[in-house]
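Okay, so here's the structure we're looking at.
The values are calculated or read from the model by the stated rules, or taken from the named source; none is laboratory data. The structure displayed is predicted, hence computed values, not measured ones. Cβ coordinates were reconstructed from backbone atoms using ideal geometry, including for glycine residues, and neighbour counts include every protein chain displayed. Surface areas here come from the heavy atoms of the whole protein model, side chains and all, with no ligands, DNA or RNA. Shrake-Rupley method; radii C 1.70, N 1.55, O 1.52, S 1.80 Å.
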Amino acid sequence: MQFAIKTLEFDKVKSMVADKAATRLGREAIAGLRIATDYATVEHLLKQTGDALNLLNLGKRLPFGGCFDITQSLKKAEIGSVLEPEELLHVASTLDAINAMVAFLQLEKDNIPTLYEYRDRLDLFFKLEKQIFAIVDEHGEIKDSASPKLSGLRVSIITARNKVKQQLDEILHNNNNQKYFQDAIVTMRGDRYVIPIKQEYKMNFPGVVHDQSSTGATLFIEPLAVVNYNNDIKRYLAEEREEIERILHQITLNIGEETSKIRNSLAIMTELDVVWARGNFALSTHAVEPQLMKEYYLNIHGGRHPLLDPQKVVPLSVELGKDIQMLLITGPNTGGKTVALKTVGLFALMMQSGMFLPALNVKMPIFQGVYADIGDEQSIEQSLSTFSAHMKTMIEILNVAKTGDLVLIDELCAGTDPNEGAALAMSILENLHNRNILTMVTTHYSELKTFAYSHQGMMNASVEFDAQTLMPTYKLLMGVPGSSNAFNISKRLGLQEELVENAKLMLNQEHIHMESVLQDLNEKRRDYEESTSVIEKARFEAEMLRNQLAYQKREFMKHRNDMLRKAKEEADEIYRASRRETEEVLKELRSFKNDFDAKKLQEFAAKAKEKLSVQFAVDTILPEGTPLTLATAKEGQSVFVTTFGKNGVITSVNSKDVSIRMGALRLNIKPEECILTKAQPVSAVPEREKKGRKRSGHHELMYKKNASIKLDVDLRGMLVEEALPVIDKAIDDAILSGADRLRIIHGKGTGALKAGVVPYLKQHSMVLEVLPAINEEGGAGATVIKIGN
């Protein structure tokens, strides 16, 4: 791998990743990044990067704040050297970062399952961190509270200094002393408080001379009144230094006992920072996770060279492996051939370092070696020409390359006689091909184009050149050989047209024909791609429309089902309300049955029935979502026409259909194709039935005891939920007519209807007894009930 790192400028990629690291240790680790060559390791590295990217997408960050490079401090602690307060502050801050990292990994374990593995490898240092922060403040100064003795010494120092200042203030403000002072101030010489006194008054001002001015006119004298206090301060300061030294020595010993654990946790923090940098790099380059291939095959779609401006770089798509082991890229200079080689090589190195790749999609195997011969390696010092330098590198590659490696060669055998160079190039390519080594080669040799066509497993490719603008487009075209376009490029650069035309005359006819064929082929390919683009756009739009219609259909069905559900719920509520009303009326009838004669009972029953009929005629509401029928249809109702997917209003009701206005349209539509769009009051009796019905003040047919009341209720062919309302109505009618017995015919069949009906009858409030029917009445296919109070 090291053989290709410099050539492919992989160090520059690592530098870009290192800029995303949070700590100096992380940046140093990335600079020395190793490239993995086994599947499991690369897979694990990519999962780590995916976890880091997932955190970034969630707007979260690994807590590296306060993490320092404390390796030197740990070494000092190990050998017993005392750490300075600032070093202690860095150690404590780093321990705090480690503790915070443990807590963060625990909290986010569901989002980062791979990084969570580091949780158990990190130690906790709460006790040591607390000890250090009890000694050192955030500015790196030793706290007064570091020990009781230190606290007492600092109090004594402050007291002594206050006494010195008090004595000096009295001296300075004494009017008798004013003539002695050069300046009425207090200053320091060494660690002693002194007053500047004029030279001529030194005998009049008792004290100890500590210094004089450069001219000798001023002496700095410590007054005798403060000498003892200054001596006390000096002694206290010495004792303070000794106490601080003792405290630092003790805490350093505590750190020394934990250096092994701290160093291990620091290494884990560094690994996490490397992962974090890879995730940041993936986010900033819009990179994707490559798909690891166990077979010897790579496929890059929309790949972008990581070192080029992402706004300007033309994406690369290339496939190699399976049926094609070797790719020969031809085309003009500055067309992007070398960039294609470097992109593929860098992608291999990046992926095997755990990095995501800036592309739309990437499938790539684990290469055991990546070998590249790119660039001009000529050397005056080593007496190597361009050809010699390349050949020397090529020989080294041929000596070590094997199946499972990737070989990238730029301008194979260039810089020598074209005929000999082409022949030598074909021999080298055939050797690599026979050894089944994935190889990408750029060349200007026309002979290699036909060589690739004649060998299975080799493919031509080219970088596109726009003949209209005389500029390269930097697109890599698979399966199409390219032309060097030397004449067009020279003309664009300003070479006289006369010289260009004269050069064309010197070409042999075979070469001219080949170039003409290639140019014609490229023009046809471009036309084909434009047509394909139009077709693909139309296909995409059709797919979008199909998805949109499918979505609208799902939404419609959802809305329809919701409407039907609501309608059923409202209908159930109406049914329950009517049952309660009926129960109350019948209860009232039974309570007065013994007190009324038959005629009055019939009159009361008729009134009750009329009351219930009116109740339904006025209060029955057809809820939203109810399917329309001819019986419930009436002018002015708002409906939803399912066959058209539109709302409309009924303008008239016909014998077999209804007329509906939908905007400007007026159509006759079957009622079963319509659904009510809002709850509407509807009479329980259709208008046309009301008009044809003769009103009467009595109901002999319904209430006379000897009238033709049906005492058999035939439920055969019904479901249980359909049969129960029929039973309720039959029982109500029988009681109102004075009957005390009914035969319920449910049939034998599977027995499901009987199993649902009989338990219902047994708990019915108006059923006194449930009996099996005798053979003459239907036997097991019927049930007899007695009804009444």
Members of LYS76/LYS261; LYS322/LYS392; LYS20/LYS294; LYS47/LYS312 lying beyond 21 Å, as alpha-carbon distances in this model show: LYS322/LYS392; LYS20/LYS294; LYS47/LYS312
LEU768-LEU564 FRET efficiency (beta carbon distance; Förster radius 35 Å; 0.05 resolution): 0.35
Length-normalised contact order of the range 54-97 in % [C-alpha pairs under 8 Å, at least 6 apart]: 50
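Give the relative contact order (percent, whole number) for the range 231-369; include only Cα pairs under 8 Å separated by 6+ residues. Numbers along the way, then the final one.
Values: 141 pairs, mean separation 47.0, N = 139.
Result for the range 231-369 is 34 percent.
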For LEU477, distant residues with modelled amide H under 5 Å away: SER462, VAL463, GLU464
Computed over the range 149-222: relative contact order in percent, which uses C-alpha pairs under 8 Å that are six or more apart: 22
Extension gain (nm, one decimal) between LYS127 and GLU430, 0.36 nm per residue minus Cα-Cα: 102.3 nm
Placed amide H near VAL713: partners under 5 Å, 5+ positions off or other chain: ARG743, ILE744, ILE745
Residue list for the range 641-670, given a label point 7 angstrom along the Cα-to-Cβ vector of LEU630 and an amide N cut-off under 14 Å: 653-659, 669-670
Hz values of 3J(HN,Hα) by residue in the range 421-438 - Karplus curve (6.51, -1.76, 1.60), Gly and Pro given as x: x, 5, 5, 5, 4, 4, 5, 5, 5, 5, 5, 5, 5, 5, 8, 6, 10, 4
Cα centroid separation, the range 536-572 to the range 635-679 (Å): 20
Label-to-label distance, nm, for residues given as THR41 and LEU224 (7 Å Cα→Cβ offset): 8.3
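Loop-only trypsin sites (Lys or Arg not before Pro) in the range 72-121, please: DSSP not H, G, I, E or B, and at most 15 other Cβ atoms within 10 Å.
Numbers: sites: LYS75, LYS76, LYS109, ARG119, ARG121; in loops: LYS109.
Listed in order of number, the matching sites are LYS109.
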Other-chain or far-sequence residues with amide H under 5 Å of THR626's (modelled H): LEU676
Between the range 72-148 and the range 403-425, the Cα center-to-center distance that results, in Å: 58
Rounded Å value of the spacing that divides the Cα centres of the range 269-348 and the range 717-742: 80
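Which pairs in the list LYS60/LYS342; LYS558/LYS748; LYS363/LYS402 are over 32 Å apart, alpha-carbon to alpha-carbon? Don't skip to the answer; put the middle values down first.
On the way: LYS60/LYS342 34 Å; LYS558/LYS748 39 Å; LYS363/LYS402 21 Å.
Result: LYS60/LYS342; LYS558/LYS748 exceed 32 Å.
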Calculated FRET efficiency for the pair SER156/TYR201, C-beta based, R₀ 25 Å, to 0.05: 0.15
Ordering of 212-221, 744-753 by burial proxy (mean other Cβ atoms within 10 Å per residue, highest first): 744-753, 212-221
Probe 1.4 Å, protein heavy atoms only - accessible area per residue of the range 131-288 in square angstrom: 53
Carbon + sulfur, % of accessible area of the range 66-128 - ligands and nucleic acids excluded, 1.4 Å: 50
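Please state the shape class of the range 723-789: rounded when a/c is under 1.5, otherwise prolate if a/b exceeds b/c and oblate if not, all from the C-alpha gyration tensor. List each step's numbers first, then the result.
Values: a/c = 1.91, a/b = 1.47, b/c = 1.30.
Note, shape of the range 723-789 comes out prolate.
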Rounded FRET efficiency, nearest 0.05, which uses the C-beta distance separating LEU58 from SER214 and R0 of 56 Å: 0.25
Protection-proxy order for peptides 420-426, 630-636, 649-655, each taking the mean of Cβ atoms within 10 Å per residue, highest first: 420-426, 630-636, 649-655
Charge context of ASP123, other residues only, Cβ under 12 angstrom, K/R +1, D/E -1: +2
